[in-house]
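What follows is a single structure, written as structure tokens, with notes after it.
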4 protein chains.
Amino acid sequence: MKPEYFVLDVDGVLSTGQFLYSSKGKVFKIFGPHDADGLRMLNGKLKIVFISADYKGFTISKKRVTDMGYTLHKVSESNRMDFIEKKFGFKNLIYMGDGYHDAAVLKACAFGIAPSNARKEAKKAAKYITESKAGEGAVLDASLEIIKRYFQ
Amino acid sequence: MKPEYFVLDVDGVLSTGQFLYSSKGKVFKIFGPHDADGLRMLNGKLKIVFISADYKGFTISKKRVTDMGYTLHKVSESNRMDFIEKKFGFKNLIYMGDGYHDAAVLKACAFGIAPSNARKEAKKAAKYITESKAGEGAVLDASLEIIKRYFQ
Amino acid sequence: MKPEYFVLDVDGVLSTGQFLYSSKGKVFKIFGPHDADGLRMLNGKLKIVFISADYKGFTISKKRVTDMGYTLHKVSESNRMDFIEKKFGFKNLIYMGDGYHDAAVLKACAFGIAPSNARKEAKKAAKYITESKAGEGAVLDASLEIIKRYFQ
Amino acid sequence: MKPEYFVLDVDGVLSTGQFLYSSKGKVFKIFGPHDADGLRMLNGKLKIVFISADYKGFTISKKRVTDMGYTLHKVSESNRMDFIEKKFGFKNLIYMGDGYHDAAVLKACAFGIAPSNARKEAKKAAKYITESKAGEGAVLDASLEIIKRYFQ
């Protein structure tokens, strides 16, 4: 296959999955090092797109994703399979996700990737599990693996 | 038994247990991914209720719990057994707690659950220990186990 | 011996040792669950006192310590031995510290305690190492051990 | 060799590498205990200099580094080798870095140090790997090792 899209979930993939709540609501998400470097290596090779089902923290995720130069789509978990199939198709899709509801997409796509600390349901469905945890370089691991498999 | 209530402590169960202090006091608590998904799977099957003994961080916990659509009761540790017995009874109660003072409730209820990183006193008293830590999916683990045991 | 004082360092003992910096400086410290419960068990048995050498984060530590009802002294690392000897003496002192410079006090006092993730220099000098890490219940572990040894 | 400079990367060396994003952008970085103590032991022995490629979080890193009394240079990853060679040379340079792009400098300098949780590419290129993780005392470990090797 010739990969065309690299679609990534935000929470638990690019972020650690954890978030900080004050009495006003969700204010901060925790992101980590190395990942922006990894994605930069893929620029020009693949279209990189982020999705998120987190409505309350959407503006936080959006700021982080657009600061890196990518786009973020709001997609609920129940619409995830449909949205991805229509927008990208599964045939030339690399997908990275960590959650219970990501398992279906990870199985359907051409190359499914899960961080080492993903839910076991996601890890079972993925073809590649990164050595690093989410927010500790999992996306750089994934990027290096994608380059090794498809662009060397 | 036919479980009727799922009562959960907030700190160290839904949150990681850690909190951020500034010179003004307790401002943030750290929550994690997966747990809201887990509780959603139980909607309509059980009444889900949160309790907390944390007075200084109560408005933070309250915001998080009500954002997910549930209610939170302020219950001190010394009143916990009494409050729970009167309000829910122990017979049809599933309880999830992590602290030294949760051990009594975990023992008294029908099905006691502790996160993997709970105090050893709580883990000894629980019937089920989740694979995940608090704030890393312990409540999703608990929710999946409850479905497997009582609703399949 | 009859312990009279329980003196604790704040950073890396009561807090995880980590702190959050913005472009304005040190704003938050991370504290954890269980520890306030532990100290409450010692109320009336020992005088509990906190010390800290962290000048830039002093108001944060002070707010946390006074919220729990205790006092905090600003003591630089080079004055630590002197200050403690004059103020409390070593004979009836239980001390809990985690740092390179705490080793001397841990050795000199009657009962020295270090969290499991303390510097190895502190752990070598301590008589008791808690099972939990700092900010994850190390102070409750210490409190339970103090009760077991001296107040049962 | 007679070490003259100790140059350190900030993110993932002095900080844990993680940062907190709000909807306004990068607001906080997480730093840890022990490291300021370690660097203080080297004062007068070596020139200590920090570098960072993080543009969006530069004012945060700058505040932390200048609060400790050191200087911080903004150096992109692609200019890192050049900048360091011109400014310090490699012959009398001790360098501490954690990232994929630090490997070249770690190999070129006289004594390369990586935190225990650095990228494997950095750890392969380093001569010394600290016992502690970044933000948990890696810089104190490095400082003690430097004293042991060169100043005793």
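The values are calculated or read from the model by the stated rules, or taken from the named source; none is laboratory data. Predicted model only: the values in this text are computed from it and were never measured. Positions of Cβ are generated from backbone atoms using ideal geometry, with glycine treated the same way; all protein chains shown enter the neighbour counts. Quick note on the areas: whole protein, heavy atoms, side chains included, nothing else; ligands and nucleic acids left out. Shrake-Rupley method; radii C 1.70, N 1.55, O 1.52, S 1.80 Å.
Could you please report the charge total around C:ALA125, scoring K, R as +1 and D, E as -1 over all other residues with beta-carbon less than 9 angstrom from its beta-carbon?
+2
Determine the shielding of peptide B:128-135 by partner chains: average, over its residues, the number of Cβ atoms on other chains within 10 angstrom of each Cβ.
Other-chain Cβ atoms within 10 Å of each residue's Cβ, averaged: 1.
Can you give the accessible area per residue of the protein assembly as shown, in Å², using a 1.4 Å probe? Write out the running numbers ahead of the final one.
On the way: 24110 Å² over 608 residues.
Per residue, the protein assembly as shown has 40 Å² of solvent-accessible surface.
Once you list every other residue whose beta carbon is under 11 Å from the beta carbon of B:PRO3, what net charge do they have if Lys and Arg are +1 and Asp and Glu are -1?
Taking every Cβ under 11 Å from that of B:PRO3, the sum is +4.
Interface C/D, total buried accessible area with a 1.4 Å probe, nearest 100 Å²? Before the final figure, lay out each step's value.
On the way: alone 7830 and 7840 Å², together 13860 Å².
Summed over both sides, the interface buries about 1800 Å².
For the pair A:SER116 and A:ASP82, what calculated FRET efficiency results from E = 1/(1 + (r/R0)^6), where r is the Cβ-Cβ distance and R0 = 30 Å, to the nearest 0.05? Write down the numbers at each step before the final one.
Values: r = 29 Å, r/R0 = 0.96.
E between A:ASP82 and A:SER116, to the nearest 0.05, is 0.55.
Per DSSP H run of at least 4 residues, take -39500 (n - 2.57); add these up for chain C, divide by its residues and hand me the 222 nm value, nearest 500 deg cm²/dmol.
Using -39500 (n - 2.57) per qualifying helix, the result is -9000 deg cm²/dmol.
Would you work out what percent of the accessible area of the stretch D:5-150, with all protein chains in place, is carbon or sulfur (probe 1.4 Å)?
Within the stretch D:5-150, the accessible surface is 47 percent carbon and sulfur.
Going by average Cβ density within 10 Å per residue, which order do the peptides B:36-43, A:88-95, D:66-73, A:113-120 take, highest to lowest?
Result, highest mean first: A:113-120, A:88-95, B:36-43, D:66-73.
If each of A:LYS74 and A:LYS124 carries a label point 7 Å out from its Cα toward its Cβ, how far apart are those two points in nm?
Distance between label points: 3.3 nm.
Equivalent ellipsoid semi-axes for the protein assembly as shown, as square roots of 5 times the alpha carbon gyration tensor eigenvalues: give them largest first, rounded to whole Å.
Listed largest to smallest, the semi-axes of the protein assembly as shown are 37, 37, 18 Å.
Let me confirm one metric for peptide A:8-21, namely the mean number of other chain beta-carbon atoms within 10 Å of its residues' beta-carbons.
Mean partner-chain Cβ count within 10 Å for A:8-21: 5.
From the alpha carbon gyration tensor of chain C, can you work out the equivalent ellipsoid semi-axes (sqrt of 5 times each eigenvalue) and give them in Å, largest to smallest?
Semi-axes, largest first: 22, 17, 15 Å.
Quick one: net charge of D:LYS107's neighbours, Cβ under 11 Å, K/R +1, D/E -1?
0
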